[in-house]
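Peer 1: Let me give you the structure first, and then I'll get to my questions.
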Amino acid sequence: MSTYAPRHAPSAFSTPASTTLFRRLTWEGTVPLEIRVASAELPANSDRGLECYYIQAARVSYLPLLVPEIKRFLSDVVFDEAAAQGIKEEDWWFESEDGAVFRWHWPIGLIYDNHTITMSTRPNTSAAPSGPLRLILHLASPPSEKLLLSPGSEACKQAFMGQLKEADFIRWGNTKRITGLRKAEQDGLWEGIKEHNFDEYWRVASKVTPTTSPARSQSPPPPSSVSMHTRPPSADPGSNGAPDRDGAYSVRSVPVRIYLPDGPVMQDLVPPLLEDGSINTLSRFLDTHLPLLFPADRAPLAYALIQGVLAPPEAEMAWLGACLAGADGWVNICVGLLREGIPRF
Amino acid sequence: MARSVLLPHTLSGEKATDEQESQDEWEVVEENDENDASAAAPDVVASQQHVVFSPTFQVPAFYFTAHSASGAPLPLSEIVKLPLLRQHILAGTHSSGFALTAQESTFPLLSQGDHPVLGTPSWYLHPCHTAEAVTELLSESRTDGGSEEERLSRWIQTWFVILGQVVNLHSGTMAQ
């Protein structure tokens, strides 16, 4: 591992190049979706047999951002002209095959992983281990008990910005980094998501997302060395040359949520370093918060999915926060049950 | 903490009904006998109110839902007319249909989110400035010391005072 990072001391743990690699992998992650209009709601004269639409959707995107594309497809291919005129996408909503309503304000990757873990608790799932997630599209009467009002893109953008600000607050105790951005830059984050443009998003996000800097003391060497061409370290306008100021290990807490099958969402403080000075890892975090599923001294009963990947227990929480978080700044850990020691997904 | 409250509200042309949620709360049924000889009887809005700890901001936050007698959730335009929110707070805020934001504010004053415990959609008042406000008020009151329990009790009482600036906690009647 030679000097890839001219300004920082060469990091045994993570160079800016590998940080960028993981961020790009996260950004480019997609999930297959099958969208089918509820057959009872297909307008008369629709071309049945074509009413399924397949999308390889970006994990960091949101359902309202897919609506225009779906609407175009339905207008062009499935509906007749009268029906196409009558489309009211503000009444649209999506449901899973077993009746769970999909939320507008959750990133698609989270929706997918959450569905995966919910299936892990169902006794009979062995079929279609990783087929497309099937969404049933309803055209009217959204269930107001289960869905936030206003499914449009603007509401979604505000929810997204709200999550980003919360993540900022969790890390630093204030939201100065996000609110310090110019309005055009803040909008640029959402535009980056809409256009699915990595560079546009990260041009701004790199100013507010913690950088991976060398951890104090006993960090293990990286599992693989990445020989990519040198990339300059992210710009840190607030850092005054002190490399750790905006570092992943300097945050108060990493923005993390744990999702359990069918339901509860857990959130708690996740300091990057524990009280005894050791680094907070995924396994320490899960042992502490879900001791029955992840007993300290025995084989675990569950598995953890982050960005759709089985996360290794030795992953450091701070690193996850800097490299594998969603576009809204949050590390979403979906916990599913192991069956006979094997994750089903 | 949770409770159910029936709020008087006048929507045009709807009759009042008596839908009462059952929560483990008090029962007071008070008629909204505002003048109004007109045909439209005042409607009753059922509001579930919760005080929930916000894990992000590490302070309590006030969450509520509001449904009309027919069971439909109230849109923001109707919610701001309820006696629940104090009018002076609403001045200077701008509504987008899904949130109420004060000028220059980082977070919306009132917006929707997942209820942290129930997971269902709920309106909530943003808790971000609460901690500062409580600390400020506590420091002025000059009561220090006491046991941890007394200290926490003062904290939450002060929190309710702050909340009371924004929300009229006495509006409406409790439902059984």
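The values are calculated or read from the model by the stated rules, or taken from the named source; none is laboratory data. All values derive from a computational prediction rather than experimental measurement. Quick reminder, even Gly has a Cβ in these numbers, built from the backbone with ideal geometry, and neighbours come from all protein chains shown. Heads up: the accessible areas ignore ligands, DNA and RNA and are worked out on the full protein's heavy atoms, side chains in. Shrake-Rupley method; radii C 1.70, N 1.55, O 1.52, S 1.80 Å.
Peer 1: With labels modelled as points extended 7 Å from the Cα through the Cβ direction, what inter-label distance (nm, one decimal) is found for residue B:117 paired with residue B:174?
Peer 2: 1.7
Peer 1: Between residue A:36 and residue A:69, how many nm apart are label points set 7 Å from Cα along the C-beta direction?
Peer 2: So the label points at residue A:36 and residue A:69 sit 2.0 nm apart.
Peer 1: Summing both sides, how much accessible area is buried between A and B? Use a 1.4 Å probe and give Å² to the nearest 100.
Peer 2: 1900
Peer 1: Hey, another quick one. What residues have an amide H closer than 5 Å to that of residue A:59, excluding those fewer than 5 places away on the same chain, when H is modeled at 1.01 Å from N in the peptide plane?
Peer 2: A:29, A:30, A:31
Peer 1: Taking each residue of B:124-130 in turn, how many C-beta atoms of other protein chains fall within 10 Å of its C-beta, and what is the average?
Peer 2: Partner-chain Cβ atoms within 10 Å, mean over residues of B:124-130: 1.
Peer 1: Sticking with this one: Which number do you get for Rg(Cα) / (2.2 N^0.38 Å) in region B:124-169?
Peer 2: For region B:124-169, the normalised Cα radius of gyration is 1.18.
Peer 1: Next question, about the same structure. Mind giving me the FRET efficiency for residue A:100 and residue A:191? R0 is 35 Å, r the Cβ-Cβ distance, nearest 0.05 is fine.
Peer 2: 0.70
Peer 1: Right, here's the next one. Taking R0 as 41 Å, what's the FRET efficiency between residue A:56 and residue B:90 from their Cβ-Cβ distance, rounded to 0.05?
Peer 2: Plugging the Cβ-Cβ distance into 1/(1 + (r/R0)^6) gives 0.35.
Peer 1: I'd like the trypsin sites (Lys or Arg not before Pro) in region A:284-345 restricted to DSSP loop residues with at most 14 other Cβ atoms within 10 Å, sorted by number.
Peer 2: Listed in order of number, the matching sites are A:298.
Peer 1: Rounded to the nearest 20 debye, what is the charge dipole size of region A:28-146 about its Cα centre when +1 sits on each Lys and Arg Cβ and -1 on each Asp and Glu Cβ?
Peer 2: In debye, rounded to 20, region A:28-146 gives about 340.
Peer 1: Could you tell me which of the pairs A:71/A:194; A:71/A:183; A:165/A:207; A:88/A:146 are separated by over 24 angstrom between their Cα atoms in the structure shown?
Peer 2: The pairs that break the limit, which is 24 Å between Cα atoms, are A:71/A:183.
Peer 1: Please report the accessible area of residue A:294 (heavy atoms, 1.4 Å probe, ligands and nucleic acids excluded) in Å², nearest 10.
Peer 2: 20
Peer 1: Now a separate question. Once you place label points 7 Å from the Cα toward the Cβ at residue A:141 and residue B:53, how far apart are they in nm?
Peer 2: 4.1
Peer 1: Given axes a ≥ b ≥ c from the Cα gyration tensor, I'd like to know whether region A:281-345 is rounded (a/c under 1.5), prolate (a/b larger than b/c) or oblate.
Peer 2: Here region A:281-345 falls in the oblate category.
Peer 1: Can I ask one more? Kirkwood hydrodynamic radius, computed over distinct alpha-carbon pairs, for region B:34-141: how many Å, to one decimal?
Peer 2: So the Kirkwood estimate lands at 15.6 Å.
Peer 1: Here's a follow-up. Working from the pairwise distances between different alpha carbons, so that the mean of 1/r is found and then inverted, what is region A:28-146's Kirkwood radius in Å?
Peer 2: Final number for the Kirkwood radius of region A:28-146 is 15.0 Å.
Peer 1: GluC sites (Glu not before Pro) within region A:295-345: which are DSSP loop residues with at most 10 other Cβ atoms inside 10 Å?
Peer 2: A:340
Peer 1: Still on this structure, I have one more. Taking 35 Å as R0, compute the FRET efficiency from the Cβ-Cβ separation of residue B:81 and residue A:85 and round it to 0.05.
Peer 2: That pair, residue B:81 with residue A:85, gives E of 0.50.
Peer 1: Can you order the peptides A:161-171, A:82-92, A:194-204 by their average number of other Cβ atoms within 10 Å per residue, highest first?
Peer 2: Packing proxy ranking, top to bottom: A:161-171, A:194-204, A:82-92.
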